[in-house]
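Q: Have a look at this one.
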Amino acid sequence: MIELENITKRFADGHRAQTVLDGLSLRVEEDEFIAITGESGAGKTTLLSVLGTLLPADEGRYLIKGEEVKVNGDKNLAARICHLRNKEIGFVYQDHRLLPQFSVLQNILLPTLAVKSSSTAEEQKRALDLLDFMGILSLKDSPVTQLSGGEQTRVAICRALINQPSILLADEPTGQLDATNAHTIASLFRQVNDQMHTTIIMVTHSAEMAKVAHKTYKLVNGKLLEE
């Protein structure tokens with residue numbers, strides 16, 4: 001499903017370049033659930049951004065389903081990568097990034113409007129099915145500002161899954177939740193992996209959250225070490 005080969009990513013730090021990812025390699029099989037841990041500032045979010053095609057690597061190769069992800073300033077290629085991202089990858093952010101002016105259902109349907117003005121009946125049904133799967137169908141018309149942190153996380157997961165991506169990337173999805181809600185969300189991620197056969201790569205500080213994954217890696221000095 002995913003292959004990273006010798007990925008390097010640097011950022012300018014004054015007159016020097018800081019290497020955040022240093023020859024990093026990773027192979028993720030279809031339907032796998034991978035957790036990535038590491039100290040704050042280790043580069044976990046940078047790695048997810050590369051995986052999500054939001055940041056290009058400076059060196060190395062990135063392949064999704066055997067297709068190389070590389071832009072190099074080519075507008076046609078950039079458009080293809082954007083299409084690949086919208087089709088294959090769903091994102092769950094720590095801060096949820098829900099739009100406060102919209103209801104729960106409207107937030108979930110937003111990714112379906114990337115290239116058209118309205119959602120289809122099939123997409124609306126899928127959104128309701130996802131809400132039911134997450135146990136929050138009764139909240140479909142609620143303003144997202146009235147939801148608890150755990151409920152907002154569930155809405156964010158529904159939104160990430162609405163386009164039926166093959167890959168789900170999650171950046172500290174339980175970072176702002178108490179232990180009870182974090183445990184519930186961890187269980188839901190495992191159900192998404194088991195029942196929807198979605199490949200999941202999740203960044204987390206929580207050892208308990210990492211336990212639900214098939215494999216756990218730690219990001220140290222720009223490289224991944226399997227734990």
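Q: Name the residues in the stretch 82-122 that are assigned to a loop (DSSP other than H, G, I, E, B) and either closer than 20 Å to SER142 by Cβ or within 19 Å of the chain's Cα centre (by Cα) (or both), would you? Spell out the reasoning first.
A: Keep residues of the stretch 82-122 that are assigned to a loop (DSSP other than H, G, I, E, B), which gives 93-102, 114-120.
Result: TYR93, GLN94, ASP95, HIS96, ARG97, LEU98, LEU99, PRO100, GLN101, PHE102, ALA114, SER119.
Q: Can you spot a residue in the stretch 125-143 that is modelled with pLDDT of 95 or more, of a type outside the set (A, V, I, L, M, F, W, C) and under 23 Å from GLY52 (Cβ atoms)?
A: Looking through the stretch 125-143, at least one residue is modelled with pLDDT of 95 or more, of a type outside the set (A, V, I, L, M, F, W, C) and under 23 Å from GLY52 (Cβ atoms).
Q: Could you go through the stretch 169-183 and let me know if any residue there is in a helix (DSSP H, G or I), within 24 Å of LYS125 (Cα to Cα) and at pLDDT 95 or above. Steps first, answer last, please.
A: So in the stretch 169-183, the residues in a helix (DSSP H, G or I) come out as 179-183.
Cutting the leftovers down to within 24 Å of LYS125 (Cα to Cα) gives us none.
No, the conditions are met nowhere in the stretch 169-183.
Q: A further question on this structure: Can you give me the number of residues within the stretch 143-168 that are in a loop (DSSP other than H, G, I, E, B) and of a type outside the set (S, T, N, Q)?
A: Just the residues of the stretch 143-168 that are in a loop (DSSP other than H, G, I, E, B), to begin with: 147-148, 162-166.
From the residues that got through so far, the ones that are of a type outside the set (S, T, N, Q) too are 147, 162, 165.
Summing the residues that are in a loop (DSSP other than H, G, I, E, B) and of a type outside the set (S, T, N, Q) in the stretch 143-168 gives 3.
Q: So in the stretch 61-75, with the set limited to residues that are surrounded by fewer than 17 Cβ atoms within 10 Å (Cβ to Cβ) and at pLDDT 90 or above, which one is farthest from GLY90 (Cα to Cα)? Outline the logic, then answer.
A: From the stretch 61-75, those surrounded by fewer than 17 Cβ atoms within 10 Å (Cβ to Cβ) are 61, 63, 65-68, 70-75; that's our starting set.
Filter again for at pLDDT 90 or above, leaving 61, 63.
Details: ARG61: 21, LEU63: 17 Å.
Top of the filtered list is ARG61.
Q: Scanning for something modelled with pLDDT of 90 or more, in a loop (DSSP other than H, G, I, E, B) and among the aromatic types (Phe, Trp, Tyr), does the stretch 28-38 turn up at least one residue?
A: No; the residues of the stretch 28-38 include none that is modelled with pLDDT of 90 or more, in a loop (DSSP other than H, G, I, E, B) and among the aromatic types (Phe, Trp, Tyr).
Q: Which numbered condition in (1) free of Cβ contacts under 8 Å to residues at least 60 places away in the same chain; (2) crowded, with 19+ Cβ neighbours inside 10 Å is the only one that LEU98 fails?
A: (1)
Q: Let me ask something else about it. Filter the stretch 21-35 down to the residues that are buried (at least 19 other Cβ atoms within 10 Å of the Cβ) and either hydroxyl-bearing (Ser, Thr, Tyr) or touching a Lys or Arg at 6+ places or on another chain (Cβ under 6 Å) (or both) and list them by number.
A: Here is the first cut: in the stretch 21-35, the ones buried (at least 19 other Cβ atoms within 10 Å of the Cβ) are 21, 24, 26, 28, 33-35.
Correct list: LEU21, LEU24, ILE34.
Q: Okay, moving on. So, of the residues in the stretch 196-227 that are touching a strand residue (DSSP E or B) at 6+ places or on another chain (Cβ under 7 Å) and at positive phi, which turns out to be surrounded by the fewest Cβ atoms within 10 Å (Cβ to Cβ)?
A: ASN221
Q: Across the stretch 50-61, what is the total count of residues that are under 16 Å from the mean Cα position of the chain (by Cα) and not in a loop (DSSP other than H, G, I, E, B)?
A: First, pick out the residues of the stretch 50-61 that are under 16 Å from the mean Cα position of the chain (by Cα): 50-55.
Subsequent filtering for residues that are not in a loop (DSSP other than H, G, I, E, B) retains 50-51.
Residues that pass the stated criteria total 2.
Q: Scanning the stretch 196-215 for residues that are among the polar types (S, T, N, Q) and either touching a Cys at 6+ places or on another chain (Cβ under 6 Å) or at pLDDT below 95 (or both), which turns out nearest to ASN86 (Cα to Cα)? Break it down into steps so the answer makes sense when it comes.
A: Of all residues in the stretch 196-215, those among the polar types (S, T, N, Q) come to 198-199, 204, 206.
Then keep just the ones that are either touching a Cys at 6+ places or on another chain (Cβ under 6 Å) or at pLDDT below 95 (or both); that gives 204, 206.
Working: THR204: 24, SER206: 28 Å.
Going through the qualifying residues, I end up with THR204.
Q: Take the residues in the stretch 112-135 that are surrounded by fewer than 19 Cβ atoms within 10 Å (Cβ to Cβ) and hydrophobic (A, V, I, L, M, F, W, C), then tell me which one is nearest to GLY175 (Cα to Cα).
A: Per the criteria, the residue is PHE133.
Q: Go through the stretch 184-213 residue by residue and tally those that are part of a helix (DSSP H, G or I), β-branched (Val, Ile, Thr) and within 15 Å of the chain's Cα centre (by Cα).
A: 2
The values are calculated or read from the model by the stated rules, or taken from the named source; none is laboratory data. This is a predicted model, so every value here is computed, not measured. Note that we place each Cβ from the backbone using ideal geometry, even for glycine, and neighbour counts take in every protein chain shown.
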